[in-house]
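Data first, discussion second: the structure below is written as structure tokens.
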Amino acid sequence: YGGKSKLLEFIAEVADQEVPGHEKLSDLFAGTGVVGSHFRKMGNIVHANDILYFSYCLNVLSLSLDKGMEWEAFGGLENVTTVLNELEGQKGFITTQFSPSGSASRAYFSIFNAMKIDAIRSQIEEWALAGTISELEKAALIGLLLKAINRVSNVTGTYAAYLKTWDARALKPLLLDASDAALEGPTGLVTNSDIFDLDMTHRAQIAYLDPPYNHRDYASNYFLLEVIATGWFNNEFTPRGVTGMVKFQEKKSTFSSKRSVEDAFRKLFEHLNSEVTLLSYSDEGLFPIPNLLSMMSDYGEVSDVQKSHKRYRSINQDGSNHKLLEHVLVLRRR
């Protein structure tokens, strides 16, 4: 949910209108990186940030690699991908907690795929600890694994629960694909930080913001990807209940609470100093659009560009065509 893949042209049009010829963009709630990737293809140098480590890994894969990377220990990304794909599966944390192999019989992954995830993620960790791969290479390989996982996970679209019956794609074998790495366009910077801890002394051309709209917090809805990305090697994760939820309370967004969202937005606009800020928000958001516009007007000239589109629906929901009004709120600093 909250994905911007169908709104990329709309967002790019607003950016082009506000800053013609723009060359740099900061995507500060980057998520899975679809917006940053689009702007990289347009020739922008992108700074992507997200507090979740799984998002960091996906954005490294989308923004930080290029054709000149050596992958010295393996002679190229294709080779290291082959090595990981050929590993024998092993029964570990993911297999026992998130496949039918464990006592909880959770069905996020088939047993075969869960064992492959255990083997691949463990190997990446071993290489990183041995210095065989750099931290950037580690993140990129985890990003490849996450992309592969998304193709075979038995979920509706988020990871808050698994399907009761097996989706056909979840029974296909997990395979890493080196072509998931983006190598074209300028390389960018990717950070893994709370947005309020970012150094904003440099004045960005465009800051693009896509904070959570509602109470459905990303750290909860994608907890399993965060567990796999961060690794369970030095973490005492305790999956709980039917879904096996692991809570990342320290990563819960203040934008996902009606109590804290107004203060969070005020703090955000005080913190940013970009020439132009583009804020994606929904008319179903926790903080009303008129209130947002009023707050933003304290910092400069504001406008509201709108587009109607279909609401996100996961695959187990009905097929209604309820339309959602997407807003890009524009702030041009004084």
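The values are calculated or read from the model by the stated rules, or taken from the named source; none is laboratory data. If you're wondering where the values come from, they're calculated on a predicted model, not measured in any experiment. As a convention, Cβ positions derive from the backbone with ideal geometry for all residues, glycine included, and neighbour counts pool all protein chains shown. Protein only, heavy atoms only, side chains kept; ligands, DNA and RNA dropped before computing areas. Shrake-Rupley method; radii C 1.70, N 1.55, O 1.52, S 1.80 Å.
Points to keep in mind about this one:
- Only helices (runs of 4 or more DSSP H) whose full extent lies in the range 52-155 are considered here, and the ones with at least 1 residues that are touching a Ser or Thr at 6+ places or on another chain (Cβ under 8 Å) and crowded, with 22+ Cβ neighbours inside 10 Å are 53-63, 93-98, 111-130, 135-152.
- Set side by side, the residues Phe269, Phe287, Phe265 differ, and just one is in a loop (DSSP other than H, G, I, E, B) and crowded, with 17+ Cβ neighbours inside 10 Å, which is Phe287.
- Pairs, first in contact (Cβ under 8 Å) with a residue 24 or more places away in the chain and of a type outside the set (D, E, K, R) in the range 236-253, second surrounded by 10 or more Cβ atoms within 10 Å (Cβ to Cβ) and part of a loop (DSSP other than H, G, I, E, B), C-beta under 6 Å, six or more apart: Phe237/Val246; Pro239/Val246; Thr243/Ala161; Gly244/Arg106; Ser253/Pro212; Ser253/Asp217
- When Val34, Val14 are checked against the criterion of being among the aliphatic types (A, V, I, L, M) and open to solvent by less than 40 Å² (accessible area, probe 1.4 Å), Val14 stands alone in meeting it.
A quick yes/no check of all residues on (1) modelled with pLDDT under 95; (2) open to solvent by 70 Å² or more (accessible area, probe 1.4 Å); (3) within 23 Å of the chain's Cα centre (by Cα):
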| residue | (1), (2), (3) |
| --- | --- |
| Thr230 | no, no, yes |
| Val246 | yes, no, yes |
| Lys252 | yes, yes, yes |
| Ser297 | no, no, no |
| Leu331 | no, no, no |
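- Within the range 229-257, if we keep just the residues that are in a helix (DSSP H, G or I) and charged (D, E, K, R), the residue that is nearest to Gly157 (Cα to Cα) turns out to be Lys251.
- Top-ranked residue in the range 159-182 [being under 20 Å from Thr243 (Cα atoms) and in a loop (DSSP other than H, G, I, E, B); ranked as most open to solvent (accessible area, probe 1.4 Å)]: Lys164
- Flag for Val305 being outside any loop (DSSP other than H, G, I, E, B) and within 18 Å of Ile94 (Cβ to Cβ): no
- From the options Ala148, Ala160, Ala140, Ala104, residue that is out of contact with any Gly (no Cβ under 6 Å at 6 or more places or on another chain), closer than 24 Å to Pro239 by Cα, modelled with pLDDT of 95 or more and among the aliphatic types (A, V, I, L, M): Ala148
- If you filter the range 214-228 down to residues that are in a helix (DSSP H, G or I) and either without any contact (Cβ under 8 Å) to a residue 12 or more places away in the chain or under 12 Å from the mean Cα position of the chain (by Cα) (or both), you find that the one that is surrounded by the fewest Cβ atoms within 10 Å (Cβ to Cβ) is Asn221.
- Entry remark, the range 81-120: residues being among the β-branched types (Val, Ile, Thr) and out of contact with any helix residue (DSSP H, G or I) (no Cβ under 7 Å at 6 or more places or on another chain) number 3 in total.
- Test: residue in the range 318-328 that is modelled with pLDDT of 90 or more and either of a type in the set (Gly, Ala, Ser) or surrounded by 15 or more Cβ atoms within 10 Å (Cβ to Cβ) (or both): yes
- Checked against the criterion of being without any contact (Cβ under 8 Å) to a residue 24 or more places away in the chain and on the phi > 0 side of the Ramachandran plot, the candidates Gly102, Gly75, Gly43, Gly68 yield just one match: Gly75.
- Matching option when the condition is within 21 Å of Ser179 (Cβ to Cβ) and in contact (Cβ under 8 Å) with a residue 60 or more places away in the chain, among Leu87, Leu28, Leu52, Leu58: Leu58
- Pairs, first closer than 17 Å to Arg266 by Cβ in the range 195-212, second among the aromatic types (Phe, Trp, Tyr) and open to solvent by 10 Å² or more (accessible area, probe 1.4 Å), C-beta under 9 Å, six or more apart: Ile195/Phe29; Leu209/Phe29; Pro211/Phe29; Pro212/Phe29; Pro212/Tyr218
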